[in-house]
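Shown next, in structure tokens, is the structure this report addresses.
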Amino acid sequence: MEEEIEKKQGLPLAQKLEMFSNRLTKVFKHRSKIARRTGVGCYRIYEHDLPEFPFCIEAYENKIYVSEYVRRHGMTDEEHDEWLQPSLEIISEITGTPLTSIYKRERKKMSHRDEQYEKVDTKQEFFTVLENDLKFQVNLTDYLDTGLFLDHRITREMVRKEAKDKRFLNLFCYTGSFSVYAAAGEAATVTSVDLSKTYLGWAETNMAINLLKDPSKYFYIHADVKQYLKTLAPNSFDLIVMDPPTFSNSKRMKDFLDIQRDHVELINDMLAATTTGGTLYFSTNYTKFILDEASIKASSIKDITKTTTGFDFEGKLKRWCYRIIK
């Protein structure tokens, strides 16, 4: 494989660009067709399919978001520009999106999700997209993530279908997309918890643009999730979602978070706060994650990774997802 990459890297730029064009044409034709048929406006088009083009390309309705994974490419700044500009022009041509509507970002490999909370710009270019008839604010300029994790589209819909009359808790809620789905599914109450006031505010905005504004039903809690779980009384919730970072050592936390080390404690604390028969959805992006089933005090644990994988993530999904019943 390495020899093959080395051979390809020795190819002229025009030939490499033709390879990229052919690959992107193929995947865009396939995925855009499914997206149109299923009414999906936000989806992943391309994910590092060719080593020479380490992009993640996503559609957000009429805009395209391009993340370039930073790697040791051996190019000078000038050579990188000569490679990048025609790459973006190919993306523009194939997707039918003007260059002015393509947002490009460099993406380093994050050591922990605190970096997700870092601002990289202050343009404040928010716009609204639809997912399953619900509205979400997206920002393709200011943060390392866009505000909507596309890989959980199916999981969110599962939560909406189960939420009716349930007390719902969204831990590490980020911008509250699961909260919006639960509220739209007529949950009795929706509680969103995160350590970032910025993201809690974003979550509240997402609820508001969907006309979900009842302060007696919808709560936003600024807290360290590990500590917050210790304060909950038994039988406080019926349905819980937790999609935590792999690792976090924020100064605002009492203790650092390591999801492999801490997942049993977190899940058992959630179960302690859940009614009998209650459901937890637990997800992690840690690719080497191993669930310690024997130590979890649940009556049922089901790996739903495959069933929650959207058409645009098949063969490329880098997360695990579990449905846990008390």
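The values are calculated or read from the model by the stated rules, or taken from the named source; none is laboratory data. Remember, predicted model here, so these are calculated numbers, not experimental data. Every residue, glycine among them, receives a Cβ derived from its backbone with ideal geometry; neighbour counts consider all protein chains shown.
A quick yes/no check of all residues on (1) of a type in the set (Phe, Trp, Tyr); (2) closer than 30 Å to residue 107 by Cα; (3) not in a helix (DSSP H, G or I):
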residue: 156; (1), (2), (3): no, yes, no
residue: 169; (1), (2), (3): no, no, yes
residue: 173; (1), (2), (3): no, yes, yes
residue: 183; (1), (2), (3): no, no, no
residue: 190; (1), (2), (3): no, no, yes
residue: 193; (1), (2), (3): no, yes, yes
residue: 211; (1), (2), (3): no, no, yes
**Report entry** the range 138-173, residues that are under 11 Å from the mean Cα position of the chain (by Cα) and β-branched (Val, Ile, Thr)
**Finding:** 146
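Do you know which residues across the range 158-167 are outside any loop (DSSP other than H, G, I, E, B) and of a type in the set (D, E, K, R)? Write out each step before concluding.
As a first pass, look at the range 158-167 and keep what is outside any loop (DSSP other than H, G, I, E, B): 158-162, 167.
Residues satisfying the conditions are 160, 161, 162, 167.
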Query raised in the report: Listed residues 257, 266; which is over 19 Å from the mean Cα position of the chain (by Cα) and among the hydrophobic types (A, V, I, L, M, F, W, C)?
Result: 266
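Looking at 17, 11, 88, can you tell me which residue is among the aliphatic types (A, V, I, L, M) and free of Cβ contacts under 8 Å to residues at least 12 places away in the same chain?
Values: 17 fails: free of Cβ contacts under 8 Å to residues at least 12 places away in the same chain; 88 fails: free of Cβ contacts under 8 Å to residues at least 12 places away in the same chain.
Matching residue, one of 17, 11, 88: 11.
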**Report entry** Residue among 105, 113 that alone is modelled with pLDDT of 85 or more, more than 24 Å from residue 209 (Cα to Cα), of a type outside the set (A, V, I, L, M, F, W, C) and in contact with a Ser or Thr (Cβ under 6 Å, 6 or more places away or on another chain)
**Finding:** 105
**Report entry** Among the candidates 220, 199, residue that is part of a strand (DSSP E or B), more than 23 Å from residue 298 (Cβ to Cβ) and assigned by TED's automatic domain parsing to the domain that holds residue 291
**Finding:** 220
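Every residue, every condition in (1) within 25 Å of residue 265 (Cα to Cα); (2) buried (at least 20 other Cβ atoms within 10 Å of the Cβ); (3) touching a helix residue (DSSP H, G or I) at 6+ places or on another chain (Cβ under 8 Å); (4) in contact (Cβ under 8 Å) with a residue 60 or more places away in the chain, yes or no:
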{"site": "157", "(1), (2), (3), (4)": "no, no, yes, no"}
{"site": "172", "(1), (2), (3), (4)": "yes, yes, yes, yes"}
{"site": "175", "(1), (2), (3), (4)": "yes, yes, yes, no"}
{"site": "193", "(1), (2), (3), (4)": "yes, yes, yes, no"}
{"site": "198", "(1), (2), (3), (4)": "no, no, yes, yes"}
{"site": "205", "(1), (2), (3), (4)": "no, no, no, yes"}
{"site": "210", "(1), (2), (3), (4)": "no, no, yes, yes"}
{"site": "225", "(1), (2), (3), (4)": "yes, yes, yes, no"}
{"site": "232", "(1), (2), (3), (4)": "yes, no, yes, no"}
